[in-house]
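What follows is a short report on a single structure.
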Amino acid sequence: MDKHVFAEKLLAAAQDRFQEAEVFFFGSTATSIELYNGSLEKFEIADSRGLQLAVLQDGVKALAYTEELTEGAIDYLLDQVQAVLDLGQPAEDLPGFYAGKDTLRPLPDQKKFQLDTEAAMASLQALQAEVEKCTAEAKMITLELGASAGEEFICNSKGLDRSGETGQGQIVVYVVLARGEEMQNGFAFRVFSDLEDINLAALAQEAVAKAEANFGGTSCPSGQYPVIIENDCFASLLMALSSAFSAESVQKGVSLLKGKMGQQIASDHFSLYSDPLHPACPAPRNFDDEGVATQKLCLVDRGVLKSYLHTLETAKKEGTEPTGTASRSYKGKASPWADFFYMEEGDKDFDQLLAEVGEGILITDLQGLHSGLDPISGDFSLAAKGFAITDGKKGRPIKQITVAGNLINLLEGIKEVGADAKLSTYDSYIPSVYVESMAIAGDQD
């Protein structure tokens, strides 16, 4: 049965039996292609589609889902939510479904995201050739292309009826170069909404140049150093912090930002926003997975914590408004999550940041974020690589070092923010930062 016809029939039947009802559909097609040294290693296309029925009755909420849109599935869903209602306990803070009376911001003009798999294969093969043009030292070349295109709609008994489509892709090149017995790797990527926009030659050159720059690296003496954290690295650190902005995490007591609303949590150079309609966002959205309009949401303004990320439920508990940052699958409840983070840039380019530091360390790679960083306390100890900053310029490569500290202390120590924001693999647009002092463990000599 057509999904819209199914949803209409299901909602009508649910409204006859329950006080409030809502239907949420989400479907996506994910494509993944990988080449290893020019040979095809993986080619997968996976479809995931399903529909959720949610109902409210006498202060109890019940959910059920199906991946089969048939007449029989309607009765199945109605019976499933009834069974949950019969077992449930009323909740005082439970909100009703969203009525959708707000105004949606217009989406930017762009063509529908589609991935031509033949064109994708041709692009990867062309990228392979570009890497081979750049170097004769490649021991390993791994190329990956991933893309996801999705559609969703929400309709409920309060009159909400919203639908949208989204999609984006990512192309990655990872190379390992060998010189004698020493091997070094380089990594580069691009996030895209149109594969034709990618400059494959520049992508290959970036990955190879990064690997070449690492040859001959040594450690450095342990100590406190002025540090620049390059944009990609700082994006990875912020993503480790992202769950702390969730009002759900705050209310459960598992956020390091609990109790800090209105307080200074970073230097006044640091401002952080969430907005899936930012010009750099490759997959813009104007409503979230509860139907609430998205917005430009200021999370941190010049170091002061201004907002958490709220769903309808967490907002009801706090007596505030939802922030248009709800995320859910058709199998579960909504949780707070920002589609797109971005930082306010400074006025110094990367070379000016280096000159500002004078003598210090440039961090270009952080490892062990999943095991070496505690998202609740903010404490971290991470293996790192980078370069010495000497006379205000990027100097010799540095390896076998560890950076340690606390995320809040790091944010408080930001002295400058660069004007070099970059779209990262973490759905964010983040510049490099100059941190006044960080603990570096290296050689003890």
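Key figures
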item	result
Residue list for the range 1-11, filter: touching a strand residue (DSSP E or B) at 6+ places or on another chain (Cβ under 9 Å) and open to solvent by 40 Å² or more (accessible area, probe 1.4 Å)	Lys3, His4, Glu8
Only one of Thr314, Thr323 that is open to solvent by less than 20 Å² (accessible area, probe 1.4 Å), among the hydroxyl-bearing types (Ser, Thr, Tyr), in a helix (DSSP H, G or I) and at negative phi	Thr314
Yes/no for Gly372 being modelled with pLDDT under 95 and either within 18 Å of Pro226 (Cβ to Cβ) or surrounded by 14 or more Cβ atoms within 10 Å (Cβ to Cβ) (or both)	yes
Pairs with Cβ under 7 Å, 6+ apart, first in the range 421-437 and at positive phi, second open to solvent by less than 10 Å² (accessible area, probe 1.4 Å)	Asp427/Phe340
Residue match in the range 138-157 (condition: open to solvent by 80 Å² or more (accessible area, probe 1.4 Å) and either without any contact (Cβ under 8 Å) to a residue 12 or more places away in the chain or part of a loop (DSSP other than H, G, I, E, B) (or both))	no
Any hit, the range 267-275, residues being touching a helix residue (DSSP H, G or I) at 6+ places or on another chain (Cβ under 7 Å) and in a loop (DSSP other than H, G, I, E, B)	yes
Any hit, the range 258-275, residues being of a type outside the set (A, V, I, L, M, F, W, C), in contact with a strand residue (DSSP E or B) (Cβ under 6 Å, 6 or more places away or on another chain), open to solvent by less than 40 Å² (accessible area, probe 1.4 Å) and farther than 30 Å from Gly169 by Cα	yes
Selected residue [in contact with a Leu (Cβ under 9 Å, 6 or more places away or on another chain), among the charged types (D, E, K, R), in contact (Cβ under 8 Å) with a residue 24 or more places away in the chain and under 30 Å from Val23 (Cβ atoms)] from Lys394, Lys333	Lys333
Complete set of residues in the range 188-246 that are part of a helix (DSSP H, G or I), open to solvent by 40 Å² or more (accessible area, probe 1.4 Å) and closer than 20 Å to Ser424 by Cβ	Asp197, Gln205, Glu206, Ala209, Lys210, Ser243
Boolean, Tyr174 is hydroxyl-bearing (Ser, Thr, Tyr) and over 23 Å from the mean Cα position of the chain (by Cα)	no
Residue list for the range 291-306, filter: in contact with a Leu (Cβ under 7 Å, 6 or more places away or on another chain) and open to solvent by 20 Å² or more (accessible area, probe 1.4 Å)	Lys306
Qualifying residue in the range 348-355 (condition: open to solvent by 10 Å² or more (accessible area, probe 1.4 Å), aromatic (Phe, Trp, Tyr) and touching a helix residue (DSSP H, G or I) at 6+ places or on another chain (Cβ under 7 Å))	no
Single residue of Phe287, Phe270 found to be in contact (Cβ under 8 Å) with a residue 12 or more places away in the chain, farther than 29 Å from Arg162 by Cβ and among the aromatic types (Phe, Trp, Tyr)	Phe270
Val131, sole failed condition from (1) open to solvent by less than 50 Å² (accessible area, probe 1.4 Å); (2) among the hydrophobic types (A, V, I, L, M, F, W, C); (3) without any contact (Cβ under 8 Å) to a residue 24 or more places away in the chain	(3)
Flag if Val191 is aliphatic (A, V, I, L, M), within 22 Å of Leu369 (Cβ to Cβ) and touching a Leu at 6+ places or on another chain (Cβ under 6 Å)	yes
Test for Ala383: is it surrounded by fewer than 18 Cβ atoms within 10 Å (Cβ to Cβ) and of a type in the set (A, V, I, L, M, F, W, C)	yes
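Yes or no, residue by residue, for (1) out of contact with any Ser or Thr (no Cβ under 6 Å at 6 or more places or on another chain); (2) within 15 Å of Lys306 (Cα to Cα); (3) not β-branched (Val, Ile, Thr):
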site: Ser242; (1), (2), (3): yes, yes, yes
site: Ser246; (1), (2), (3): yes, yes, yes
site: Ser249; (1), (2), (3): no, no, yes
site: Gly259; (1), (2), (3): yes, yes, yes
site: Gly262; (1), (2), (3): yes, yes, yes
site: Ala266; (1), (2), (3): yes, yes, yes
site: Asp289; (1), (2), (3): no, no, yes
site: Val292; (1), (2), (3): yes, no, no
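The values are calculated or read from the model by the stated rules, or taken from the named source; none is laboratory data. Values in this document were obtained by computation on a predicted structure and should not be read as measured data. Cβ: placed from backbone, ideal geometry, glycine included. Neighbour counts: every protein chain shown. Note: accessible area is taken over every heavy atom of the protein model, side chains too, but ligands, DNA and RNA are not part of it. Shrake-Rupley method; radii C 1.70, N 1.55, O 1.52, S 1.80 Å.
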